[in-house]
């Protein structure tokens, strides 16, 4: 399912496509802004969004086999909650 399909499904519940699109965009923007601040978001039963720090390391260029340095960086993580895991299982 892509973003457009998700908006359509939300619109079926809300009976308004513009409200559904606005709600989804607002949620995604809020998650992005919160994670950028370094905070985490916990939605009980659904899961937790957080930021993890990756250390600098050395890697290999797959084409040439040359050793390269990979800088330290942050990555977003999502850990699924129990209800979501049970729903999928």
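The values are calculated or read from the model by the stated rules, or taken from the named source; none is laboratory data. Since we're looking at a predicted model, the values are computed, not measured. Every residue, glycine as well, gets a Cβ built from its backbone with ideal geometry; the counts of neighbours run over all protein chains shown.
Structural remarks
- Where a residue in the range 4-20 is at negative phi and its partner, wherever it lies, is loosely packed, with under 11 Cβ neighbours inside 10 Å, with Cβ under 8 Å and at least six apart: 9/1; 20/13
- Flag: residue 36 does not match the condition of being within 15 Å of the chain's Cα centre (by Cα), in a strand (DSSP E or B), surrounded by 10 or more Cβ atoms within 10 Å (Cβ to Cβ) and modelled with pLDDT of 95 or more.
- Any hit, the range 4-19, residues being surrounded by 10 or more Cβ atoms within 10 Å (Cβ to Cβ) and under 12 Å from the mean Cα position of the chain (by Cα): no
- Scan of the range 52-71 for residues that are loosely packed, with under 10 Cβ neighbours inside 10 Å and under 23 Å from residue 31 (Cβ atoms), ordered by number: 52, 53
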